[in-house]
Amino acid sequence: MYDLELRNSQNFIQQPIQEITFWLFRNSKCMNKKFIFIVEDDKAYVNVYRTKLESEGYEVAIVERGNLVIPELRKRKPDLVILDLVLPEKTGFAILKDIRADSELKDLKVIVASNLSQEGDKEKVKKLGVLDYLIKSEISIFELIEKIKKALAS
């Protein structure tokens, strides 16, 4: 009798736990979150990017110093990198070259978001296989989100 009561009480507890776990799995945003790695040293942009991207359901990591980018990318490959070109300690140009030269990172999707607007800068990074070159002062966060969605869909 005791054994039957124990089995019944375990089923009583296990069934709701299994149902809750299944519901959480199906409805959790974190199960399918895309991971976006942002390389940006301007605090204003960092705050806007993080707030908007997280509200859109993305997982976000921010690195503000150029020399930390490659080691962090090796720890966890993102679905997309948003890369500024003017950074302390190492430029975005050098970071992009390092990404393309690294056998583990070379295929990363990268969008450059910078305030450098010279055609020569654009051509230089386009040759390194970036998906897009955006001038931060000329686009809204909403346009950036659309570019991100398009890049992740490709």
*Starting from the Cα of Lys90, draw a straight line to each of the lysines and keep only those under 22 Å, dropping any in the same chain fewer than 8 residues away.*
Lys43, Lys75, Lys77, Lys106, Lys109, Lys122, Lys124, Lys126, Lys127, Lys136
*Express the relative contact order of the range 69-154 as a whole percentage, based on alpha carbon pairs under 8 Å and six or more residues apart in sequence.*
29
*Please quote Rg/Rh for the range 33-153 to two decimal places, taking the Kirkwood radius as Rh and restricting both calculations to Cα atoms.*
0.92
*What is the gain in length, in nm to one decimal, between Ile145 and Glu104 on full extension, counting 0.36 nm per residue of separation less the C-alpha to C-alpha distance?*
12.1 nm
*In whole Å and largest first, what semi-axes does the C-alpha gyration tensor of the range 67-113 yield when each eigenvalue is scaled by 5 and square-rooted?*
15, 12, 10
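Values in this text are rule-based calculations from the coordinates and carry no lab data. What you are looking at is a predicted structure, and each value in this text was computed from that prediction instead of being measured.
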